[in-house]
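Here's the structure we're looking at; comments come further down.
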């Protein structure tokens with residue numbers, strides 16, 4: 001039996017996604033982003049992008065219908081293989097993606113941005129004008 005989960009968020013910056021994957025890979029070995037490979041699950045599926053994870057299952061990214069540069073997340077979370085690595089609903093991946101995207105946008109606007117650990121332990125981005 002399969003337990004496929006679709007996370008309907010819009011990922012529209014592959015550079016920020018790659019940066020997020022790099023942060024996750026620095027904390028957990030075996031995480032990497034690959035193109036045009038099978039996503040491991042109960043019933044393997046082919047995806048244009050696959051986030052390879054340690055363990056038995058991976059996360060697939062597919063283009064959002066009607067959009068050229070937007071992606072959706074899909075994965076089989078049987079026995080919590082994916083959520084054990086990335087949190088429920090891939091929250092760790094989405095958090096790191098958000099941090100990477102905010103930092104990239106701030107730099108593009110000539111601002112300084114730095115990553116800090118929030119009081120709750122989650123990452124925050126501090127943005128300010130350059131002196």
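Among the residues examined, residue 26 does not qualify as under 17 Å from residue 4 (Cβ atoms) and without any contact (Cβ under 8 Å) to a residue 24 or more places away in the chain. When the stretch 48-73 is limited to residues that are touching a helix residue (DSSP H, G or I) at 6+ places or on another chain (Cβ under 9 Å) and surrounded by fewer than 17 Cβ atoms within 10 Å (Cβ to Cβ), the one that is modelled with the lowest pLDDT turns out to be 69. Take the conditions touching a residue at least 60 places away in the same chain (Cβ under 8 Å) and either under 26 Å from residue 34 (Cβ atoms) or part of a helix (DSSP H, G or I) (or both) and apply them to residue 57. Does it pass? Criteria not met by residue 57.
Here is a list: 10, 44. Which entry is out of contact with any helix residue (DSSP H, G or I) (no Cβ under 9 Å at 6 or more places or on another chain), within 20 Å of residue 102 (Cβ to Cβ) and exposed (fewer than 15 other Cβ atoms within 10 Å of the Cβ)?
10
Every condition in (1) at positive phi; (2) modelled with pLDDT of 90 or more; (3) exposed (fewer than 13 other Cβ atoms within 10 Å of the Cβ) is met by residue 27 except one, and the failing one is (1).
Quick one: in the stretch 74-96, of everything that is in a helix (DSSP H, G or I) and touching a helix residue (DSSP H, G or I) at 6+ places or on another chain (Cβ under 6 Å), which residue is nearest to residue 30 (Cα to Cα)? Before you say what the answer is, go through the steps one by one.
Restricting attention to the stretch 74-96, the residues satisfying the condition of being in a helix (DSSP H, G or I) are 78-80, 83-86, 88-96.
After this cut, where a residue has to be touching a helix residue (DSSP H, G or I) at 6+ places or on another chain (Cβ under 6 Å) as well, the list is 86, 92-93, 96.
Values: 86: 13, 92: 15, 93: 14, 96: 17 Å.
The qualifying residue nearest to residue 30 (Cα to Cα) is 86.
Among the residues of the stretch 97-131, the one identified as touching a helix residue (DSSP H, G or I) at 6+ places or on another chain (Cβ under 7 Å) and assigned to a loop (DSSP other than H, G, I, E, B) is 122.
The values are calculated or read from the model by the stated rules, or taken from the named source; none is laboratory data. Bear in mind that the values here come from a model prediction, so they are computed numbers and not experimental data. Reconstructed Cβ throughout: ideal geometry from the backbone, glycine too, with neighbour counts over all protein chains shown.
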